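The values are calculated or read from the model by the stated rules, or taken from the named source; none is laboratory data. The structure presented is a predicted model; accordingly, all values stated were derived computationally and were not measured. For neighbour counting, all protein chains shown are included, and Cβ atoms are generated from backbone atoms with ideal geometry for every residue, glycine included.
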């Protein structure tokens, strides 16, 4: 009987395969976490944009009868009763012009009683969101036309 000594080739091959599989798993985990971070950043940005748009809608729905100033508007996106984002909204009056068209029934009325005392005003509304928790920062601008009375125009848009 002849005794052959084993050289351990199977052990070396299995160790090499184990290292290769480990590297493959680590690479897959890194790619997965990078994709997760990218999707999370996109979600945080989209939420900030939604908060800015909601704050702009809140500001547009309020009156334009005072001098414009930056206001911080709390936004609760998920309706859970807590503020998700605090949005700084700054309206700026761009232009004001007398309303062009008057109703046929008011053409013979004095200016104080007709559309002649109504102003078409154009506003630039900027909203800025900065979320310290997620790092998302977004600035949104939109334009809006608002019909104001003479007194409202004098108070809110007199510089134009």
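Considering the stretch 41-68, the residues that are in contact (Cβ under 8 Å) with a residue 12 or more places away in the chain and out of contact with any strand residue (DSSP E or B) (no Cβ under 7 Å at 6 or more places or on another chain) include one that is nearest to residue 149 (Cα to Cα), namely 65. Only residues that are surrounded by 14 or more Cβ atoms within 10 Å (Cβ to Cβ) and assigned to a helix (DSSP H, G or I): list them for the stretch 124-160, please. Residues satisfying the conditions are 150, 152, 153, 155, 156. Total residues in the stretch 69-81 satisfying the condition of being touching a strand residue (DSSP E or B) at 6+ places or on another chain (Cβ under 9 Å), over 25 Å from residue 158 (Cα atoms) and not in a strand (DSSP E or B): the figure is 2.
Applying a threshold of 6 Å to beta carbon distances and a minimum spacing of six or more residues, or different chains, the list of pairs starting in the stretch 116-139 at a residue that is modelled with pLDDT under 95 and ending at one that is surrounded by fewer than 20 Cβ atoms within 10 Å (Cβ to Cβ) and in a loop (DSSP other than H, G, I, E, B) reads 118/99; 120/99.
Criterion first (surrounded by fewer than 17 Cβ atoms within 10 Å (Cβ to Cβ), part of a strand (DSSP E or B) and either under 18 Å from the mean Cα position of the chain (by Cα) or modelled with pLDDT of 85 or more (or both)) does residue 88 satisfy it? It is true that residue 88 is surrounded by fewer than 17 Cβ atoms within 10 Å (Cβ to Cβ), part of a strand (DSSP E or B) and either under 18 Å from the mean Cα position of the chain (by Cα) or modelled with pLDDT of 85 or more (or both).
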